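This is the structure, below, for whatever I ask next.
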Amino acid sequence: GRPAGQQVVVLKRLGVPTLRTKVVEEGLGRLGLSPRPSPPPSPWEEEEDPSSSVPAELTCVGETISVVDAEAREGVPQAQRPAFDLDAFQRHLQRSSTPDDRRGEEEVWTLLSARQLASTQKMLEENAKNLPDRTIVVADTQTEGKGRAGNKWISPPGCLMCSIYCNIAMEGRKLPLLQYATTLAAVQALEML
């Protein structure tokens, strides 16, 4: 078992329907970005145990963190369970938001959720070679988050703290546009709630 008091992240695989709307496609076109092609099948999809592509332990800023499958999260002490509702999040992803959405194939994403981490970004940086593409790390709070130019990232409970690992084939000069488009899409999605 896991040492008492050791940090925990809860692992959940999410089937995320790719939604293609006229607005999204037009916006991508204006930015000179084409919609992402269907990803090749992930190697873990053929394995019997899907959690095998994520190690049982990860590190973050010198701390060892246990990975617990979402189905076994009841065994995690309440004080260490993330407040982020993985099941509600998955239900929300499965709903279509507007009548002109066209569902594409589902992409499988790996979500790692923690009550507290030093930094979601550091978690990805330190473990990227051991994590599958399309991984999201979410923390209820961060203790050592950093913003741009090394500024401290304040993260009180109730804020969304996440980092995303996703390989995107794109020219480097277009990456800043993608960052702005992603931020705008997130704001517009939140305004629709």
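The values are calculated or read from the model by the stated rules, or taken from the named source; none is laboratory data. Values in this document were obtained by computation on a predicted structure and should not be read as measured data. Here Cβ is always computed from backbone atoms with ideal geometry, including for glycine, and neighbour counts include all displayed protein chains. What goes into the accessible areas is simple: the full protein's heavy atoms, side chains included, and nothing from ligands, DNA or RNA. Shrake-Rupley method; radii C 1.70, N 1.55, O 1.52, S 1.80 Å.
Against the condition in contact with a helix residue (DSSP H, G or I) (Cβ under 6 Å, 6 or more places away or on another chain) and surrounded by 18 or more Cβ atoms within 10 Å (Cβ to Cβ), how does residue 155 come out, does it pass? Steps first, please.
Numbers: in contact with a helix residue (DSSP H, G or I) (Cβ under 6 Å, 6 or more places away or on another chain): no; surrounded by 18 or more Cβ atoms within 10 Å (Cβ to Cβ): yes.
Here the answer is no, as residue 155 does not meet what is asked.
What number of residues within the range 176-188 satisfy the criterion of being loosely packed, with under 11 Cβ neighbours inside 10 Å and under 16 Å from the mean Cα position of the chain (by Cα)?
Of the residues in that region, 2 qualify.
Keeping to the range 128-160, report how many residues are within 15 Å of residue 66 (Cβ to Cβ) and out of contact with any Phe, Trp or Tyr (no Cβ under 9 Å at 6 or more places or on another chain).
Number of matching residues: 1.
What are the residues in the range 73-89 that are over 16 Å from residue 7 (Cβ atoms) and among the hydrophobic types (A, V, I, L, M, F, W, C), if any? First the steps, then the outcome.
Taking the range 73-89 first, the residues over 16 Å from residue 7 (Cβ atoms) are 74, 85-89.
Answer for the range 73-89, where residues must be over 16 Å from residue 7 (Cβ atoms) and among the hydrophobic types (A, V, I, L, M, F, W, C): 86, 88, 89.
Here are some conditions: (1) within 14 Å of residue 115 (Cβ to Cβ); (2) hydrophobic (A, V, I, L, M, F, W, C); (3) exposed (fewer than 15 other Cβ atoms within 10 Å of the Cβ). Residue 138 meets all but one. Which one does it not meet?
(3)
Please work out which one of (1) open to solvent by 40 Å² or more (accessible area, probe 1.4 Å); (2) in contact with a Gly (Cβ under 9 Å, 6 or more places away or on another chain); (3) modelled with pLDDT of 85 or more is the condition residue 94 fails and give its number.
(3)
Something else: What is the number of the single condition among (1) in contact with a Lys or Arg (Cβ under 7 Å, 6 or more places away or on another chain); (2) modelled with pLDDT of 90 or more that residue 109 does not meet?
Here residue 109 clears every test but (2).
Mind checking which residues of the range 161-173 are under 25 Å from residue 67 (Cβ atoms) and not in a loop (DSSP other than H, G, I, E, B)?
Correct list: 161, 162, 163, 164, 165.
Quick one: how many residues across the range 160-175 are farther than 19 Å from residue 60 by Cα and open to solvent by 60 Å² or more (accessible area, probe 1.4 Å)?
6
Taking residue 49 as the residue in question, decide whether it is of a type outside the set (Ser, Thr, Tyr), modelled with pLDDT under 80 and open to solvent by 50 Å² or more (accessible area, probe 1.4 Å).
On the way: of a type outside the set (Ser, Thr, Tyr): yes; modelled with pLDDT under 80: yes; open to solvent by 50 Å² or more (accessible area, probe 1.4 Å): yes.
Yes; evaluated as a whole, the condition is true for this residue.
Can you tell me which of 124, 112 is touching a residue at least 24 places away in the same chain (Cβ under 8 Å), part of a helix (DSSP H, G or I) and within 25 Å of residue 78 (Cα to Cα)?
Working: 112 fails: part of a helix (DSSP H, G or I).
Matching residue, one of 124, 112: 124.
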